[in-house]
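The block underneath contains the structure these notes are about, expressed in C-alpha cells.
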There are 2 protein chains.
Amino acid sequence: MAARIDFQTDPSRYRHWKLVFEGEVARLVMDVDENAGLFEGYQLKLNSYDLGVDIELADAVQRLRFEHPEVKVVILQSGKERVFSAGANIRMLAGSSHAHKVNFCKFTNETRNAMEDASAASGQKYLCAVRGTAAGGGYELALATDYILLADDANSTVALPELPLLAVLPGTGGLTRVTDKRKVRRDLADAFCTIEEGVKGARAVKWRLVDQVVPNSRFEQAVKDAAARLAAASDRPAGAKGIALVPIERTFAADAVTYSRLKVEIDRTARRATITLLGPDMPPPASAEAMVEQGARFWPLRLARELDDAILHLRLNEPDVGLLVFKSQGEPAAVLAFDAFLDANGSHWLAREIVHYWKRTLKRIDVTSRSLVALIEPGSCFAGTIAEIAFACDRSFMLIGGSAGDNRLPATLALSTCNFGAYPMGNGLTRLATRFLGEPASIDAARAALGRPLEAEDCERLGLVTSALEGIDWDDEVRIFLEERASFSADGLTGMEANLRFAGPETMETKIFGRLTAWQNWIFQRPNAAGAEGALKRYGTGVKANFNPERI
Amino acid sequence: MAARIDFQTDPSRYRHWKLVFEGEVARLVMDVDENAGLFEGYQLKLNSYDLGVDIELADAVQRLRFEHPEVKVVILQSGKERVFSAGANIRMLAGSSHAHKVNFCKFTNETRNAMEDASAASGQKYLCAVRGTAAGGGYELALATDYILLADDANSTVALPELPLLAVLPGTGGLTRVTDKRKVRRDLADAFCTIEEGVKGARAVKWRLVDQVVPNSRFEQAVKDAAARLAAASDRPAGAKGIALVPIERTFAADAVTYSRLKVEIDRTARRATITLLGPDMPPPASAEAMVEQGARFWPLRLARELDDAILHLRLNEPDVGLLVFKSQGEPAAVLAFDAFLDANGSHWLAREIVHYWKRTLKRIDVTSRSLVALIEPGSCFAGTIAEIAFACDRSFMLIGGSAGDNRLPATLALSTCNFGAYPMGNGLTRLATRFLGEPASIDAARAALGRPLEAEDCERLGLVTSALEGIDWDDEVRIFLEERASFSADGLTGMEANLRFAGPETMETKIFGRLTAWQNWIFQRPNAAGAEGALKRYGTGVKANFNPERI
C-alpha cells in the first residue's frame, strides 16, 4: 500500500490519460499505462483502471470546466487499438481490502457524477466513442456520458460482465444508469447483465444500450457530427479564457494537514479530525474580471479545493478517524460578501463553476461515511456557504454567549441566498428543504432571517442547529457527544447515517450511493465473491469459483 | 430449527396476540408468550418477537380486512403491564443464520407495510397506544400506524436503540419512517437513534416521534377519542359482513406442495421450483353477493392465498432454490372474465380487498430474492392478473406455435384493465409503466391490445415478453437460461435483481427494501455486529463488544 494516496495531480503528470484540444471540442483519451498502477501486484492491462487512473480522470474533468471554458464537448475515447476499457482492474479488486474497494467505488462514482454534472450544470457535454470492448467499468464510463457511439464491427461491444464473471455488481452506477438513465427494459437489462461477452451492433441500439452504431469507415465522421450537434446545444461561454488550477498549498505533518485556508488536526486516540475553515482574508474582488484575474486564489475556489482535498485525504488515508468536527474562523459578514458576489455574478461562467464545485464538494461530504458535527463558537464564520457545511452535518452544537476568558462576541450563524437553492443535495432538495421536510414553514422562517446574524438561541428556535448550549453545559455535552460517537460501531454508524441524511425524494445519484452501493458492499463481503474460493479470488486461475447456492 | 416454518395460522391458535372487537373498533393486543418462541434457545421476554409472533400478526392484519369489514380502526396495544414491546428478540437474532435474519426482516417489513396498506387502500386505520417502553421493533410497529399516543409517565418511552445497543440498524423500516413518514428533522433523528433509553413525554411530540402524549389518568379516554376521530374519516363499508378465511388446502410432499389451484414442484439438483397456477374452475359468480357467498373459495382469492403461502414457504424453507419458474394452466378468457368481474364490482368492499391482496402478493414476489422467470406455453392462461406475474419476472419466454406432439392451440397472453393500474409496484408505478419507462408509447400500444389474445410474436413486438421462440429453439434456449441462472452467484443475483426490478421513482417502501435492507444486510455480516466479539453476540453477557474502528 502506498504511504499516502494523493488526489492532487495535473496533466503534466498524467500516466493514463491525454487531453487533446480542438477548439470547442476536447478529446479525453484513455490510454492506461499498465505498469503504473497505484499499488503493487497487478498490471493495468486492456485499459483497466485503479484509483490512480480515476484520480487523473477526476482531475481532467475538473480542469476541463475551469481551465477550458471554451470546450463545449468532451469526446471520451480510448487510445488503445482494440479495447475501449476493461473496467476496474480485477486483480486490484481481488487484492484490496474491503475498505479500499468501497472507497474506490465511491470515488469513481463521484467522478462519473461529475461528468454528468458538467453536462447538466455547465453545458459541457460528454460524448463517448466506443471502439473495441467497453466492459464493466468501461461501459459505465460510457453510461456517464450524454451520447454513446459504438463502432459496428466484430470487436466492439458494450458489456456488464460483473455478475457472470466476478459474482459482483457493476460498481459505478451501471445498473442504475441502465434502468433509470437509459431506461433499458428490465428484462433486457437482466439479460444484458448476464451476457459475459456483451452486446454489439444493432441490438445494442435496439436495447437502448448505446445511441448509435456506425461502421468503422464512417465512425470518426459520425463522432465529429455528434460532437457538433452537442456543441450546438451547449451554453458554454463564448470567448472566455480559463483560469489555471495551480497546485494547492498544503503541508502534511504526522497529525495535521495545513492548507492555506483550512487546517485538519487529527486526534488519533479520540479517532476524530477537526477541520477548521478559515474565512476570507480579503474582500471580494471588484468585478467578475478581477475574480478571473485572482483565479485559483479567489477565496471561495481556494477553500473549496482545499476542503475537497481534505475530505478525500481523510477518507482514504485515515480510515480510523470516525468523526469529522467542522469549525470555522473568520468574519461571517466577509463570507456573506463573497456569497453576494457569487450571486450577483451568477451568469458569469467562473462564478457558475465555483458554485457548482461547492455543490459537488458538499455532496462529497454528504456521502462521506464518517460522523459529521459542526461546533459553532465565538470567532466562527458559519455564514452562507460555510453554514451549509453545518447543515450537511449529522449534528450541530452552538455556544450561547461567550466562553470563560474569551472576550469575543457571541457566535452567530447567518444565511445567504446560497442556502436556498445553489447547493442541492443528491436528492435534489436543498439541505434546508431536506431538514425541514416535515415543517416547510420553517424554510420560510429561515428565509425571513436571510443575512441577519443569528445568535445561538435564535438558531435553535429556527431549527438551524441541533442544540444551543450555555458555556457551563457546552464542554460536557460536546465532550459526551464526541466520546459517545467514538464508542459506537463504525459500520452501524455508516448504515444509519446513509439512511438518515437523505430524506425525501430519490434520484439516480441517491440510488447509486444508497441502494446500489449498499448491495455491492454486502456482496463485496460475501464468500461467493470475496472468499478464498470466490469469483474475485479465482478469476484468471482457470479454476471455477465455488458458490454457496443459498439465496438470502 | 423447526422442520418447516408454516405461515398459516388462525386466531384460535394464536399464542401471542389477542383480537378484541368493539363494534367499529378492534383491539390488537400484543401479549407475547415468552415460552412459545419459534425456535429453541431464547425466551420472548418483554413482548419481544420472533418470526412466529409476526406470522400471527400478519394473519391478524389480513383477517381484519377480510373477516371484519366493519372494523374501521385497529388499536394496537400491549397486554403487558410495563412494556409495550422490546422489539425483535436479540438472542433470536444473535443465534440466527444470516439468511434467517434477512428473511425475518423482510417478512416483518411486509407485515408493517400491510398495516399501512390497510389504512391507505381500505380505510382500516391503525392507532398505536403506547404504554411502557416501545423499543426498536416495538417502536417500528408504532411507526407503521396512523397515529401514535404515548402515555406521559416515567416509564413510557419510544426508542430505536439498535445502534448503541446492538451495532445494527432498526430493521423494520424505522430509519425510513422516522425521516420520511414522520419527517423528523435529520439531526434530531440522529440524536434519537443514539439515545439508548429513548425519548418520552413532550420531547417525543416536539421531535415528531409520536402524535400525542397523555397522562395515564386520561390515556384510555384519549385512545378512544383518537379512535373515534380516525373512524369518522374511514370509508369502510357500512353493514358488510365479513367472509371466513378458512384454512387453505395443501399437501406437502418431499419435492412438491400441492394446493387447490396451484402446485409447486421442486427440482433440487437444478435448484429451481416450478410454480404452476391453475386458472378458474368455474365462471365468475353472478353477483357481488354471490362472491361473498363463495368467500374464500372465490377463485381469485383462493389463488392469491395459495400463491402467497407458496412464496413464503419457498423463501423460508427452500433457501437453495434459486429460481422460480412460473407456469399457468387454464383458459385465458376465463381469467379475463374474473378480472372483468372484479373491475365491474370495484366499489364492493370484498372485490376491493381481493384486488389489494393481489397487489400485496405481487409485491411479495417483486421483493423475493430468487430469480423469476415465466414460461408461456400452449395451455397456459397468462391473462390479466395472471399475466401480471409474468411482468413481475426477470425474464419471460413464450413459445411460438405449438410443440411437437401437442395439438393445443398456440399460447396467447392477454391484458386486462388490471394490468394498467390495479397492481402498482412498490415504486408506485404499474409493472408495465416500469417496464416501459423509456418508451411510454409502448404502454399505449399495449392498452390498444386490451383483451385480445396475443400470440408470441405479437407479445415480443409489443415488448410484453423477453423472447418469443420457435419450438426448435425453445428447448435449448430455456434450458440454457435455467442452467446458466443456476450457475451464477446467489448473492450477486440478489443484488442485481434488487436493482433492476425497481426502475423509476422511489417510495418509502422501495427505500425500506432497497436502501435500508441492503445496509442492514451488510451490517448483519460485519464482525462489529455479528462477530464473536460483536455487539449482537455479546449482548447481555456483561462484556462490552469489541469494535473495529475502521470506517468503510
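Descriptive notes on the structure:
- Take the Cβ atoms of A:Ala120 and A:Ala254, set R0 to 45 Å, and the FRET efficiency comes out at 0.60.
- The length gained on full extension between A:Leu450 and A:Glu470, counted as 0.36 nm times the residue separation minus their Cα-Cα distance, comes to 4.7 nm.
- With K and R counted +1 and D and E -1, the other residues having a Cβ less than 15 Å from that of B:Asp235 yield a net charge of +1.
- For B:Val213, residues with placed amide H under 5 Å, excluding near neighbours: B:Leu150
- Distances between copies at B:Pro378, taken between label points 7 Å from Cα along the C-beta direction, are 9.2 nm in increasing order.
- Protein-protein interface of segment A:85-127, residues with accessible area decrease of at least 30 Å², isolated chain reference, 1.4 Å probe: A:His98, A:Ala99
- Rounded to 5, percent antiparallel among DSSP beta bridges of segment A:1-132: 35
- Rounded to 5, percent antiparallel among DSSP beta bridges of chain A: 35
- For the pair A:Lys18 and A:Asp343, the difference between a 0.36 nm per residue extended length and the Cα-Cα distance amounts to 113.5 nm.
- Rounded FRET efficiency, nearest 0.05, which uses the C-beta distance separating B:Lys181 from B:Glu293 and R0 of 45 Å: 0.70
- Other residues lying with their Cβ under 11 Å from the Cβ of A:Gly41 contribute a combined charge of -1, Lys and Arg counting +1, Asp and Glu -1.
- Computed with a 1.4 angstrom probe on protein heavy atoms, the A-B interface buries about 8300 square angstrom of accessible area in total.
- In this calculation the C-beta distance from A:Lys224 to A:Arg4 is compared with R0 = 30 Å, giving a FRET efficiency of 0.10.
- Residue (of A:Ala441, A:Leu429, A:Ser467) at the positive-pole extreme of segment A:427-468, dipole from beta-carbon charges: A:Leu429
- Surface share of carbon and sulfur [accessible, 1.4 angstrom probe, percent] for the protein assembly as shown: 50
- Formal net charge of residues neighbouring B:His98 (Cβ-Cβ distance under 13 Å; K, R +1; D, E -1): +3
- Using every pair of distinct Cα positions in segment B:412-541, the Kirkwood expression returns a hydrodynamic radius of 18.2 angstrom.
- Loop GluC sites (Glu not before Pro), segment A:67-126, which have at most 15 other Cβ atoms in a 10 Å radius of their Cβ (DSSP): A:Glu81
- Residues of segment A:2-25 with an amide N closer than 18 Å to a point placed 7 Å from the Cα of A:Glu40 along the Cα-to-Cβ direction: A:2-5.
- Charge dipole of chain A (Cα centre as origin; +1 on each Lys and Arg Cβ, -1 on each Asp and Glu Cβ, all else neutral): 1920 debye, rounded to the nearest 20.
- Unit charges on C-beta of K, R, D, E only; dipole of segment B:421-552, Debye: 1260
- Overall form of segment B:194-302 per C-alpha gyration tensor (a/c, 1.5; a/b vs b/c): oblate
- For segment A:433-462, residues shielded by at least 30 square angstrom of accessible area compared with the chain on its own, probe 1.4 Å: A:Arg435, A:Leu437, A:Gly438, A:Glu439
- Kirkwood radius, chain A, all distinct C-alpha pairs, inverse of mean reciprocal distance: 24.5 Å.
- Calculated label separations, A:Asn216, copies of the chain, 7 Å along the beta-carbon direction, nm: 8.5
- Mean Kyte hydropathy of -0.5 or more with a Cα span along the axis of at least 20 Å, helices from DSSP in chain B: B:51-66, B:216-232, B:299-317
- When the other protein chains are added to the chain by itself, burial of at least 40 square angstrom of heavy-atom accessible area (probe 1.4 Å, ligands and nucleic acids ignored) affects these residues of segment B:141-172: B:Leu163.
- Relative to the globular-protein estimate of 2.2 N^0.38 Å, the Cα radius of gyration of the protein assembly as shown stands at 0.95.
- Looking at chain A, the accessible area is 34 square angstrom per residue; that uses a 1.4 Å probe and ignores ligands, DNA and RNA.
- Centre separation in Å (Cα based) which lies between segment B:181-226 and segment A:508-533: 35
- Taking each of A:Lys101/A:Lys200; B:Lys106/B:Lys359; B:Lys45/B:Lys200; A:Lys537/B:Lys511; B:Lys80/B:Lys241; A:Lys183/A:Lys537 in turn, the alpha-carbon distance tops 26 angstrom for A:Lys101/A:Lys200; A:Lys537/B:Lys511; B:Lys80/B:Lys241; A:Lys183/A:Lys537.
- Centre-to-centre separation between the Cα atoms of segment A:1-42 and those of segment B:447-505: 41 Å.
- Our estimate of slack between A:Arg408 and A:Glu331, defined as 0.36 nm per intervening residue step minus the Cα-Cα distance, is 26.5 nm.
The values are calculated or read from the model by the stated rules, or taken from the named source; none is laboratory data. If you're wondering where the values come from, they're calculated on a predicted model, not measured in any experiment. FYI the Cβ positions are ideal-geometry reconstructions off the backbone, even for glycines, and counts take in every protein chain you see. These area figures cover heavy atoms from the full protein model, side chains too; ligands, DNA and RNA do not enter into them. Shrake-Rupley method; radii C 1.70, N 1.55, O 1.52, S 1.80 Å.
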